[in-house]
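Quick notes on the structure that follows.
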Amino acid sequence: MKDSILNDFEHSVSNKIKEFGKTDGFPIPEDYGITKQLLDDYLFDKQALIDSLGSEKSQYTQAGILIVLPVIIAAAFPEESLPGGALGGSLISIAIGILLALLVAGIQRLVRKIRLRRLYDAKIENYIDKVLNYK
């Protein structure tokens, strides 16, 4: 059985450096005012932020729980006290759950975007761009 190779941002850059690092004309980190350790730390931190939302499966699971949660809460009340009875209460609960799931997903993406912007280092990004565009 063939091993699967991780194909993410961090590994794309690292593998390209390993493959072409000794080649003439390949970008050298020191020429861009950075060290190998600084580059490794930056790649690790950036990949952690990219992966911070979790897998697609975990995102769907979280959204599903948030959508169903208001329905479960509404089920604790008698049908007569719900607006529109059982059907109206269910529809309103589902709508609230969808809004809640969208709100949480939006906030998570916003936080990730802010953290990526805060991490951004022009010298390192310039070097990474040169590495990824080599050959």
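The values are calculated or read from the model by the stated rules, or taken from the named source; none is laboratory data. Because the structure is predicted, anything quoted here is derived from the model rather than measured. Please note: Cβ atoms are built from the backbone with ideal geometry, for glycine as well, and neighbour counts cover all protein chains shown. Accessible surface areas use protein heavy atoms only, side chains included; no ligands, DNA or RNA. Shrake-Rupley method; radii C 1.70, N 1.55, O 1.52, S 1.80 Å.
Assorted remarks:
- Among the trypsin sites (Lys or Arg not before Pro) in the range 18-100, those placed in a DSSP loop whose Cβ has at most 14 other Cβ atoms within 10 Å are Lys22.
- Principal semi-axes of the equivalent ellipsoid, √(5λ) from the alpha carbon gyration tensor of the range 68-121, are 37, 8, 5 Å from largest down.
- Max mean-square fluctuation residue, GNM over the chain, Cα-Cα springs under 10 Å, options Asp121, Asp40, Asp24: Asp24
- Rg ratio (alpha-carbon, reference 2.2 N^0.38 Å) - the chain: 1.65
- Legend: calculated FRET efficiency, Ser55 to Phe20, from the Cβ-Cβ distance at R0 = 30 Å, rounded to 0.05, equals 0.45.
- Axis angle, to the nearest 10 degrees, between helix 36-50 and the longest C-alpha principal axis of the chain: 20 degrees.
- Probing with 1.4 Å while keeping every protein chain in the model, the per residue accessible area of the chain equals 72 Å².
- Between 0 and 90 degrees, the angle of helix 9-20 with respect to the longest Cα principal axis of the chain falls at about 20 degrees.
- Difference of contour (0.36 nm per residue) and Cα-Cα distance, Ala95 to Phe44: 14.5 nm
- Pairwise FRET efficiency - Lys135 versus Ile73, Cβ, R0 = 41 Å, nearest 0.05: 0.10
- Sequence of Leu39, Leu119, Leu91 from largest to smallest accessible area, 1.4 Å probe: Leu91, Leu119, Leu39
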